[in-house]
Amino acid sequence: MTSQPSQKSGSIEHYDAVIIGAGVSGMYALHHLREMGMSVRVYDGATGIGGTWWYNRYPGARVDGPGSPHYCYTFSKELMQEWDWAETQSKQSDVLDYLEYVADRFDLRRDIQFETWVEDVRYDDAAQRWTVETSTGVRASAQFMICAVGALSMTNMPNIPGIHGFAGECYHTGNWPHEPVSFEGKRVAVIGTGSSGVQAIPEIAKEAEHVTVLQRTAQFTFPAGNRPLTAEEVADARANFDSNIEKMHANDGGFPVDPSPERSAFDDTPEEREARYEALWQRGGFGFFHGLYSDIAITEESNQTLSDFVRKKIRETVNDPETAKKLLPDHFVITKRPILDDGYYETYNRDNVTLVDLRDDPIERFTETSVITASGEHPIDILVLATGFDAISGSMLRLNPKGRGGVSLKEKWNERFHNYLGMAIGGFPNLFMIHGPGSPGVFYNMPLGAERQMGWIGQCMSHLREKELGAIEPTTDSEEAWGNEVSGIADFTLFPRTDSWWTGANIEGKPRYFTAYLGGSLYYQRIADVASNNYEGFTFEPVHGIDKQI
Ligand code: NA7
């Protein structure tokens, strides 16, 4: 591909592509486009690379999916051979160290501009280019715009009376300070019991004088089973690099796990089922979910068998029956993001931990020194907000690009997050999302998903350049059909029936529907088919000024 060298004219810098975000996806996008010979600039508001792993530094933060050594990039065999992962569930600082290493090894930083928030992104129809305005005054233009803005980066701040008047320390888990926070001798309140709260609470409780957990929804959490990786596992991952990648591509979650045979929970007797759940529980880790019956997230009855098992575990683990009762979840298990924990339920046996069930005892307001719930006042020194994110679509809407005719994404996504293939948006030519709504996103091994989506996007860019085309965008019909496909797959499961950040129900006023593509590896077949079918569902525009038959 012929690249347009970056050049400055007046105060505007010109590139082939601008990437917004220097997290896992943006870093790979930069590497990929540079390998294609493109001139690229990345902007990120942070002072360093890493995105999610840059911001989420709360105590206990770890990979909470199928972990190391397969939560990583696969594009370089050498990289895989060089890097030593220490544990199965890598801690935040280890993941960030890895990403720093990648940035150095592939010399990524020279094309990344940190501490730079993109404030305006606008399509210039006549020029067929995107223009970018930033917080530092730097302006740029590019033919292609890659939004690698993160599925979990727009923090959700609770709107509770008096919260801004609280005079103590206050931290959101998704934007944790870089300096260590000391909880010693402090009275701490934690709002939120999702993955972040469940990871942080046991760690905070070890240090604090007292922890008050303010729980809105009881959660199902499973033993993380974190442990050091064995030398054999490391050697195996290195020796079997190529075959593992094949397995990862075939697996619906992007991990080198053989598919489980189709088996209903009712193909086993109650005793066999119990034995299977118990063995998975004892082993721990995300493998728990790979070892489950295939109809657990499909039928209420199968789902009930697992939720009964976990509820029993909670009752057995938590000494105080009243506290145990408050911890019993009442939604379909797995239909909220399953959580991996390290001694979460056990933490409620400590004398310095109190659980407040906000459904019975709601927060009324904050004062300068306390949180007041219906039952009384809880004096606190530190408030931890583990209240999650406006996930999947929130960071795209914060960016709010303006497409053809100045129409903003907020206008386009007023009721639904219309897009095609989870990557392209009608009216926003040459703009691509990584891990956007309508893609597998958080349901897939995210570094691998970024590589595979970026591979498709890069191919699409090459197609435009080779055919001397100026712009590509999806049709309204293809967006509608894609939306129906995504919903159709989800509606086959129990997922849309539970309030969660997957369905947008955690954010007031957000369209409530399930936006992730749940078809697993089928997604990559679908997008490959679209490309090989001459980008079916897209329309092209010739380069302006060139009279061309498309
Ligand atoms: P989550 O999973 O969205 O959890 C947020 C928690 O905060 C959850 O328990 C919420 O209750 C609770 N929450 C949110 N707002 C409020 C208010 N206003 N009052 C009380 N409680 C509230 O976010 P995480 O950061 O834990 O995890 C996000 C993902 O990051 C995780 O799944 C991993 O993939 C990594 P709710 O359940 O909505 O009733």
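Return the calculated 222 nm mean residue ellipticity for the chain, to the nearest 500 deg cm²/dmol, obtained by summing -39500 (n - 2.57) across DSSP H runs with n ≥ 4 and dividing by the residue count.
The helix contribution divided over the chain gives -9000 deg cm²/dmol.
Compute the accessible area per residue over the chain, keeping the other protein chains in place, probe 1.4 Å, unit Å².
41
When the expected Rg is taken as 2.2 N^0.38 Å, what fraction or multiple of it is the alpha-carbon Rg of the range 198-351?
Taking the Cα Rg and dividing by 2.2 N^0.38 Å, one obtains 1.18.
What do you get for Rg/Rh of the range 1-144 when both radii come from the Cα atoms and Rh is the Kirkwood radius?
Reported Rg/Rh (Cα atoms, Kirkwood Rh): 1.02.
How large are Rg and Dmax for the range 355-428 when calculated on the C-alpha trace, in angstrom?
When restricted to Cα atoms, the range 355-428 yields Rg and Dmax of 20.1, 54 Å.
With unit charges on the beta carbon (Lys/Arg positive, Asp/Glu negative), name the residue among 288, 213, 251 whose Cα is farthest towards the positive pole of the charge dipole of the range 170-289.
Most positive-ward Cα: 213.
Arranged from highest to lowest average of other beta-carbon atoms within 10 Å per residue, in what order do the peptides 155-167, 192-204 appear?
The densest-packed peptide leads the list: 192-204, 155-167.
Could I have the simple spin-label model distance between residue 319 and residue 529, label points 7 Å from Cα toward Cβ, reported in nm to one decimal?
5.8
Counting pairs of Cα atoms in the range 79-209, how many percent are more than 22 Å apart?
Distances greater than 22 Å cover 61 percent of the Cα pairs.
How long, wide and thick is the chain, going by the Cα atoms along their three principal axes, in whole angstroms, largest first?
For the chain, the Cα extents along the three principal axes come out at 77, 57, 45 Å.
For the range 433-470 and the range 271-330, what is the centre-to-centre distance using only Cα atoms, to the nearest Å?
So the separation of the two Cα centres works out to 37 Å.
Could you tell me what fraction of 2.2 N^0.38 Å the Cα radius of gyration of the range 457-550 comes to, as a two-decimal ratio?
Expressed relative to 2.2 N^0.38 Å, the Cα Rg reads 1.40.
List, largest first, the extents of the alpha carbons of the range 121-191 along their principal axes, each in whole Å.
On the principal axes, the range 121-191 reaches 61, 29, 24 Å in Cα extent.
Set the Förster radius R0 to 35 Å, insert the Cβ-Cβ distance between residue 330 and residue 78 as r into 1/(1 + (r/R0)^6), and round the FRET efficiency to 0.05.
Rounded to the nearest 0.05, the efficiency is 0.10.
Write out the chymotrypsin sites (Phe, Trp or Tyr not before Pro) in the range 47-117 meeting two conditions: DSSP loop, and at most 15 other Cβ atoms within 10 Å of their Cβ.
Taking the range 47-117 and a limit of 15 other Cβ atoms within 10 Å, the loop chymotrypsin sites (Phe, Trp or Tyr not before Pro) found are 114, 117.
Over what distance in Å are the Cα centres of the range 24-92 and the range 158-228 separated?
The two parts, judged by their Cα centres, are 25 Å apart.
In whole Å, how far is the Cα centre of the range 112-146 from that of the range 510-536?
First find each Cα centre; the distance between them is then 27 Å.
Calculate the dipole size of the chain relative to its Cα centre from +1 charges on Lys and Arg beta carbons and -1 charges on Asp and Glu beta carbons; express the result in debye to the nearest 20.
Roughly 940 debye, rounded to the nearest 20.
Can you tell me how the range 289-400 classifies by the Cα gyration tensor, rounded, prolate or oblate, using a/c under 1.5 as the rounded cut?
Note, shape of the range 289-400 comes out oblate.
Treat every Asp and Glu Cβ in the range 165-272 as -1 and every Lys and Arg Cβ as +1, leave all other atoms uncharged, and give the resulting dipole magnitude about the Cα centre to the nearest 20 debye.
660
Specify which residue in the list 363, 376, 323 is farthest towards the positive end of the charge dipole of the range 309-387, using unit charges on the beta carbon of Lys, Arg (+1) and Asp, Glu (-1), about the Cα centre.
Ranked along the dipole, the leading option is 323.
Determine the dipole magnitude for the range 405-481: charges of +1 sit on the beta-carbon of Lys and Arg, -1 on that of Asp and Glu, nothing else is charged, the reference point is the Cα centre, and the result goes in debye to the nearest 20.
In debye, rounded to 20, the range 405-481 gives about 200.
Can you list the GluC sites (Glu not before Pro) in the range 373-428 that are in a DSSP coil and have 12 or fewer other beta carbons within 10 angstrom?
Here the sparse-neighbourhood loop sites are 415.
Given a 1.4 angstrom probe, I'd like the percentage of the accessible area of the chain that is carbon and sulfur, rounded to a whole number.
48
Largest first, please: the extent of the C-alpha atoms of the range 87-160 along each principal axis, to the nearest Å.
Projected onto its principal axes, the Cα set of the range 87-160 covers 53, 45, 21 Å.
Please identify every one of the GluC sites (Glu not before Pro) in the range 25-133 that sits in a loop by DSSP and has no more than 14 other beta carbons within 10 Å of its own beta carbon.
Qualifying residues, ordered by number: 115.
The values are calculated or read from the model by the stated rules, or taken from the named source; none is laboratory data. Just so we're clear, the structure is a prediction, and the values are computed from it rather than from any experiment. Positions of Cβ are backbone-derived with ideal geometry, glycine not excepted, and every protein chain shown enters the neighbour counts. Side chains are part of the model used for accessible areas, which takes the heavy atoms of the whole protein and leaves out ligands, DNA and RNA. Shrake-Rupley method; radii C 1.70, N 1.55, O 1.52, S 1.80 Å.
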